[in-house]
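Asks: Next up is a structure, given as structure tokens.
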Amino acid sequence: MDFDKIIDRRGTYCAKWDMMEPLYGVSPEDGLAMWVADTDFAVPEAVSAKMREMADHGVYGYVNSEAEYKGAIQWWMETRHGWSVEADAIFTTTGLVNGVGMCLDTFTQPGDGIVLFTPVYHAFAKVIRLAGREVVECQMVQQEGRYQLDFDAYDAQMTGREKMVILCSPHNPGGRVWTKAELEQVAAFCQRHDLMLISDEIHHDLVFTGHKHIPMPVAVPEIIDRLVMLTAPSKTFNFAGLHTGQVIIPDEKLREQFRRRMLAIYLQGNTAGEFATIAAYSPAGAAYVEELLPYLATNKALFDAAVNAIPGLKSMELQATYLAWVDFSGTGMEREEFTRRVEQGAKIAANHGTTFGSGGESFLRFNLGTQRSRVEEACARLTAAFSDLQ
């Protein structure tokens, strides 16, 4: 893969580039899109070939690719993550935010409390509130430059109205890869308070050297009677626009509840997404990931070195994902000021930390899943935008 090759996504209905001016005031003509969590890389050739095969066939009627599709998922999870998945446990939704919504609808009631360890992926809180449930923010603490979970504090917060926890593993936006001991603590917390656990593991393939992602059912198999897993190939292989995610439910009783709800609204996957998954979850897809990870690691190292050299800025240690989480609190600036410098001075569109919940107020999130030249340009622009601090 030539990850350095610039692919111009402007004017292609690309949300990341074409929407950054109305949302952030940053023109795509001279700005850098570093907000939406997709990459600027082409998909693996195996995926492109599968899409061409589908297009060239010329008939887009009903298909039944279930056996091959689920087999590819089973192979990937076993081979890459040491996790044995039953075919009957796999359900397909139109992406993982839809999967979260389906879990809320199936396993909770309006007014129930849903626990989030914040700051965390912003779509969770949005979907919870739209579903008429209550967001319960359990704020993480920073120790030695990374997030930790404080279960003594969280135990004291529980009121009995809480019915579910949504865990982000690996964590977005902080880039944490939770250890087995930490996952055991999450499971014990859910058992103490009789909570369902929804584990969003969409970034599980994007883990850097020195860290190891452990799927929740592998780390804590005794939790499966209250566990739902969310996975997808979309972040790894950059086809989020195909809207295909997997809800994997190890427990048969929970599985049957979810199946009935899926049938009631006739929710099914789409052919293009399933074909892309088949092609991606393969030896060719694995080879792509092995090339992608060191490229992202170098992007991360370059970005962190530049940002951490600016007085008052700190890029959190990134153990997984391609999403840098930068703290501006050391500058002493108000949020409006450091945001203005990034958007109007550096002409970079980055996610506002406030959207990730409590604890994110002094942060911006930067997407490093782009060409090296763009990361280098972003570093130069940020250095110039905060030059008066140096």
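Asks: So Asp304 passes all but one of these: (1) within 29 Å of Pro233 (Cα to Cα); (2) not in a helix (DSSP H, G or I). Which condition number does it fail?
Replies: (2)
To keep it simple, each residue is scored yes or no on (1) farther than 20 Å from Ala297 by Cα; (2) surrounded by fewer than 21 Cβ atoms within 10 Å (Cβ to Cβ).
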site	(1), (2)
Glu137	yes, yes
Glu144	yes, yes
Arg161	yes, yes
Leu167	yes, no
Pro170	no, no
Gly175	no, no
Glu182	yes, yes
Met196	yes, no
Asp205	no, no
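Asks: Also, I was wondering about something else. Is it fair to say Thr108 is within 17 Å of Met196 (Cβ to Cβ) and open to solvent by 20 Å² or more (accessible area, probe 1.4 Å)?
Replies: The answer is no for Thr108.
Asks: Out of (1) touching a residue at least 24 places away in the same chain (Cβ under 8 Å); (2) open to solvent by 30 Å² or more (accessible area, probe 1.4 Å), what's the single condition that is false for Val115?
Replies: All conditions pass for Val115, except number (2).
Asks: Would you check which residues across the stretch 22-65 are of a type in the set (D, E, K, R), more than 18 Å from Thr355 (Cβ to Cβ) and surrounded by 15 or more Cβ atoms within 10 Å (Cβ to Cβ) and list them?
Replies: Just the residues of the stretch 22-65 that are of a type in the set (D, E, K, R), to begin with: 29-30, 38, 40, 45, 50, 52-53, 56.
Filter once more, so that each one left must be more than 18 Å from Thr355 (Cβ to Cβ): 29-30, 40, 45, 50, 52-53, 56.
Once the filter is applied, which keeps residues that are of a type in the set (D, E, K, R), more than 18 Å from Thr355 (Cβ to Cβ) and surrounded by 15 or more Cβ atoms within 10 Å (Cβ to Cβ), the stretch 22-65 yields Asp40, Lys50.
Asks: Exactly one condition in (1) within 18 Å of the chain's Cα centre (by Cα); (2) open to solvent by 70 Å² or more (accessible area, probe 1.4 Å) is not met by His81; state its number.
Replies: (2)
Asks: Still on this model: So which residues in the stretch 308-346 are among the basic types (Lys, Arg) and touching a residue at least 40 places away in the same chain (Cβ under 8 Å), if there are any at all?
Replies: Hits for the stretch 308-346 are Lys314, Arg341.
Asks: I've got another one for you. Regarding Gly11, is this residue open to solvent by less than 50 Å² (accessible area, probe 1.4 Å), assigned to a loop (DSSP other than H, G, I, E, B) and either over 22 Å from Pro233 (Cα atoms) or without any contact (Cβ under 8 Å) to a residue 12 or more places away in the chain (or both)?
Replies: Answer is no for this residue.
Asks: Based on this model, can you work out whether Gly101 counts as within 24 Å of the chain's Cα centre (by Cα) and more than 24 Å from Tyr288 (Cα to Cα)?
Replies: Considered against the rule, which asks whether it is within 24 Å of the chain's Cα centre (by Cα) and more than 24 Å from Tyr288 (Cα to Cα), Gly101 comes out as yes.
Asks: Let me ask something else about it. Please go through the stretch 310-349 and give me each residue that is of a type in the set (S, T, N, Q) and either part of a loop (DSSP other than H, G, I, E, B) or under 18 Å from Ala378 (Cβ atoms) (or both), ordered by number.
Replies: Within the stretch 310-349, Ser315, Gln319, Thr321, Thr331, Thr339, Gln344 meet the criteria.
The values are calculated or read from the model by the stated rules, or taken from the named source; none is laboratory data. This is a predicted model, so every value here is computed, not measured. Neighbour counts are summed over all protein chains in view; Cβ atoms, including those assigned to glycine, are modelled from backbone coordinates with ideal geometry. Quick note on the areas: whole protein, heavy atoms, side chains included, nothing else; ligands and nucleic acids left out. Shrake-Rupley method; radii C 1.70, N 1.55, O 1.52, S 1.80 Å.
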